[in-house]
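Below is one structure, written out as structure tokens; comments come after it.
Read the figures in this text as sums done on the coordinates, not as results from a lab. A quick note: this is a predicted structure, and the numbers were derived from the prediction, not measured. Neighbour counts run over all protein chains shown; Cβ positions are idealised from the backbone, glycine included.
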Amino acid sequence: MSLLLSPFEFKGLKLRNRVVMSPMCMHSAEEDGFVTDWHRVHYGARAQGQVGLVFPETLAVEADARIGQGDLGIWSDAHVAGLKELVALLHGFGAKVGAQIGHAGRNADLPDVTRVAPSAIPFTEESPVPHALETDEIARIVEAFGQGARRAVEAGFDILEIHTAHGYLLNEFLSPLANTRNDEYGGDAQRRYRIVREVIDEVKKYWGERPLFVRISSTDHAAGGNTPEAFLEYGRWMKKQGVDLIDCSSGGIKMVKVESYPNYQVPAAEMLRKHLDIATGAVGLIQNGRQAEEILQNGRADLVFIGRQMLRDPFWVRSAADDLQEPIDIPKPYTRYGAVWLNTRATA
């Protein structure tokens with residue numbers, strides 16, 4: 001069997017394969033961040049499609065921390081019931097479920113919200129100038145991440161991922177392009193990392209020894225910003241704190257044109273995996289099964305995160321199996337015709 005379609009196990013948690021649905025904003029929640037039938041159908045289809053690990057969109061740890069209108073929330077105990085139902089539904093289809101928790105920072109796209117950031121630097125010249133966080137306000141946000149982790153435990157999520165990428169708050173603190181502070185939260189790499197360190201420690205108070213991921217922007221794609229080499233240091237600190245996997249994305253701090261191509265973000269995952277001896281996730285224009293298999297076979301990452309292709313094809317895992325000429329398990333109601341079709345294609 002291919003690595004892509006083989007089980008992956010760590011910390012007692014077993015994924016049926018190494019395919020992960022990336023968290024992507026859907027902006028389809030009820031007002032105040034509650035799960036709707038749309039989420040149940042959307043994520044349920046991917047779980048039925050044999051994805052090993054499904055991440056719903058980022059769960060905001062504060063109401064003002066949402067990336068945009070219609071985002072899901074985890075800032076209130078009232079969110080737990082709907083999230084718990086969603087997790088149980090996806091478990092019923094054989095998938096494991098991850099909770100990505102985050103804070104949009106200066107990129108919160110909401111009406112009448114005070115945008116916050118490490119420094120009063122807008123995203124673009126046209127963007128609102130954010131409020132530079134005071135120390136006590138940072139402490140409140142760190143606590144909000146911890147409470148989000150507590151609620152994720154109550155909802156039954158299998159994996160927690162801290163969103164430290166894409167120009168959102170924790171990424172803003174890490175990047176010298178967005179963080180020009182000269183206090184305990186800025187001035188050098190160690191101080192820029194301080195809020196991430198505090199968030200990880202706070203989250204682990206509630207999450208315990210369950211699997212913990214961090215999504216990073218491995219490069220800012222801009223002069224003076226972070227590069228993959230900078231994350232050798234950040235990643236070493238993350239590993240020491242008990243992070244199990246680094247999910248390697250990129251960009252978001254500056255409005256820049258990025259030349260993307262298949263596997264364009266994979267080298268960062270490969271470098272961190274090799275030099276830090278930590279599990280990594282590869283993401284970015286991974287389009288088919290053979291491409292994903294190459295990443296795994298050559299030890300460039302441990303899991304592959306599929307984004308846009310998963311939106312186009314809820315049964316991407318089936319398509320990948322076809323590409324690799326391998327049969328896979330499929331939902332029993334489809335076996336009368338589906339198994340014959342799959343096995344025929346797999347042995348053709």
| request: Based solely on C-alpha atoms, express the radius of gyration and the Dmax of the range 1-82 in angstrom. | output: 14.7, 46
| note | Which residues qualify? For G68, with a placed amide H closer than 5 Å and at least 5 residues away or on another chain, they are D109
| At 222 nm, what helix-only mean residue ellipticity would the chain give, in deg cm²/dmol to the nearest 500, using -39500 (n - 2.57) for each DSSP H run of four or more? | -11000 deg cm²/dmol
| request: Measure up K96/K257; K14/K204; K96/K240; K204/K274 against 23 Å on the Cα-Cα distance and list the ones that go over. | output: K96/K257; K96/K240; K204/K274
| query | Hey, what do the phi angles of the range 204-216 turn into as Karplus ³J(HN,Hα) couplings, whole Hz, using 6.51/-1.76/1.60 and θ = phi - 60°, x for Gly and Pro? | reply | 5, 4, 9, 7, x, 9, 5, x, 10, 10, 10, 8, 10
| Reported to two decimal places, what Rg/Rh ratio describes the range 167-235 when computed on Cα atoms with Rh from the Kirkwood expression? | 0.99
| task | Calculate one ³J(HN,Hα) per residue across the range 306-319 by plugging θ = phi - 60° into the Karplus curve 6.51 cos²θ - 1.76 cosθ + 1.60, and present them in order as whole Hz with x for glycine and proline. | result | 10, x, 4, 4, 6, 6, 6, 9, x, 9, 4, 4, 4, 4
| field | the chain - percent relative contact order, Cα under 8 Å, separation 6 or more | value | 16
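How big is Rg to Rh over the range 48-204, alpha-carbon atoms, Rh as the Kirkwood inverse-mean-distance radius? Walk me through the numbers before you get to the answer.
Working: Rg = 16.1 Å, Rh = 16.1 Å.
Here the Rg-to-Rh quotient is 1.00.
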| query | For H131, which sequence-distant residues (separation of 5 or more, or a different chain) have an amide H within less than 5 Å of its own amide H, given hydrogens modelled in the peptide plane? | reply | R115, V116, A117
| remark: Computed on Cα atoms, the radius of gyration and Dmax of the range 94-184 in angstrom are 14.7, 48
| field | Neighbour-count ranking [beta-carbon atoms within 10 angstrom, fewest first] of T335, T36, T164, T135 | value | T135, T335, T36, T164
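If you wrap a convex hull around the Cα atoms of the range 8-347, how much volume per residue is inside, in Å³? Mind showing how you got there, number by number?
Working: hull volume 42.7 nm³, N = 340.
In the range 8-347, the Cα hull volume divided by residue count equals 126 Å³.
Counting other beta carbons within 10 Å of each residue's own, what order do R16, R312 fall into, fewest first?
Working: R16 19, R312 11.
With the fewest neighbours first, R16, R312 line up as R312, R16.
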| message | Between 0 and 90 degrees, rounded to the nearest ten: what's the tilt of helix 230-240 against the longest Cα principal axis of the chain? | response | 80
| field | Karplus-derived HN-Hα couplings along the range 295-301 (A = 6.51, B = -1.76, C = 1.60, θ = phi - 60°), whole Hz, x at Gly and Pro | value | 4, 6, 4, 8, x, 8, 6
| Long-range amide H partners of T280 with built H, under 5 Å | I246, D302, L303
| Arranged by the count of other C-beta atoms within 10 angstrom, fewest first, what order do D323, D183, D136, D71 take? | D136, D183, D323, D71
| note | Rounded to whole angstrom, the alpha-carbon centroid of the range 235-302 lies from that of the range 34-58 at a distance of 23
| query | Per 5 Å bin, what percent of the C-alpha pairs of the range 259-339 does each bin hold, from zero upward? | reply | 3, 15, 23, 21, 16, 11, 7, 3, 2, 0
| Angle between the chain longest axis and helix 335-347 axis [Cα atoms, degrees, rounded to 10] | 90
| said: P(r) for the range 151-286, please, calculated from all Cα pair distances in 10 Å bins and given in %. | reply: 12, 44, 34, 10, 0
